[in-house]
Amino acid sequence: MELLVVHPAIKAFMCGSLSGTCSTLLFQPLDLVKTRLQTLQTGVQPGSGRVGMVSVLLSVVRTERLLGLWKGVSPSFVRTIPGVGIYFSTYYSLKQHFLQDRCPGAAEAVLLGGGARTVAGVVMLPVTVVKTRFECGRYSYGSVIGALRSVCQTEGPAALFSGLMATLLRDVPFSGIYVMFYSQTKASLPKGKYGLRETFSSLRTRNIRIWSSSWYSFKYTCWPIFLLEISTSPAAPVANFSCGVLAGVLASLITQPADVVKTHVQVNPQLKTAEAIRYIYMEYGLQGFFRGAVPRSLRRTMMAAMAWTIYEQMMAHIGLKS
């Protein structure tokens, strides 16, 4: 029990899980609309012209009512609560092991984000497959557990890992690129007494002492108080969220084609990644790889920005440097 209370990785897991839960609940409708856009078949609505995000959203509300926009939220929660927790705890552990208290460089940030996402993505892929099928509207599963059992019985356990390569090709670069832009943007924020960034070294140089004359006591006793003071100021969450939005937009656009391929492979498990790429190109052209880009960019950007903002604020409140 003491381990659960004390160990920093466990605290990071709990902070990540809560932040992911909040962001998933808010932005699930965008994920559903994105999935529906990516899995639309040509010729479903002859003469209707280009089907966009708004028309899909209105169609879902008309046919499945407002709550239909949250279809698939159960597997999203089953995936998010442990998945985001695993991601942040892995990220925190890697960062502490390799970098300790210093900020990562651009290449280091890519490796940290990509490594954490690889671990979380592989562990949670079966739930991701079920979530995608819930959202696309072609499958009638009663529950997440029932869906997992049905897939295993009818298609074999390997189907639960369909789209693994496409998922990693999408999520690992996204996370790496996101963390790189996020960390580097934050690193460019103003320093100093009233800035958002104040490092151990700068405080030590200025011989700041709050409760103790020893650096050891300051680092392990007073730093959490100082960090809390900065992170709970009105400017800190706004700055974190703004950095997250910028990083999310760039990372989403770069990884959009891999997301479209991943969705097709998971909805049609008989397709291999190369076959899905060929199918999308033959059916929709190059623009097919960017179907659902707007709702996905909105969701991924806002969700990641909110998750990181909540995570960093919570980590500061419990006295850990995120």
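Here are the numbers:
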read-out: Residues located in the stretch 144-160, provided they are crowded, with 16+ Cβ neighbours inside 10 Å and either out of contact with any Cys (no Cβ under 8 Å at 6 or more places or on another chain) or among the hydroxyl-bearing types (S, T, Y) (or both); value: V144, A147, L148, S150, V151
read-out: Neighbours by Cβ (under 8 Å, 6+ apart or cross-chain): first from the stretch 82-94, of a type in the set (S, T, Y); second not in a helix (DSSP H, G or I); value: Y92/L320; Y92/S322
read-out: Residue match in the stretch 94-102 (condition: buried (at least 19 other Cβ atoms within 10 Å of the Cβ) and modelled with pLDDT of 80 or more); value: yes
read-out: From L18, L25, L67, residue being more than 22 Å from E135 (Cβ to Cβ) and either acidic (D, E) or modelled with pLDDT of 85 or more (or both); value: L18
read-out: Filtered residues of the stretch 123-181 (kept if at pLDDT 85 or above and not in a helix (DSSP H, G or I)); value: G156, S162
read-out: Condition check for V110: at pLDDT 90 or above, part of a helix (DSSP H, G or I), farther than 19 Å from K272 by Cβ and among the β-branched types (V, I, T); value: yes
read-out: Some residue of the stretch 132-143 being within 16 Å of the chain's Cα centre (by Cα) and surrounded by 20 or more Cβ atoms within 10 Å (Cβ to Cβ); value: yes
read-out: Number of positions in the stretch 285-319 that are touching a residue at least 12 places away in the same chain (Cβ under 8 Å), surrounded by fewer than 18 Cβ atoms within 10 Å (Cβ to Cβ) and either farther than 21 Å from L57 by Cα or acidic (D, E) (or both); value: 3
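The values are calculated or read from the model by the stated rules, or taken from the named source; none is laboratory data. These figures come from a predicted structure and were not determined experimentally. A quick note on method: Cβ atoms are made from the backbone with ideal geometry, for glycine too, and the neighbour counts reach across all protein chains shown.
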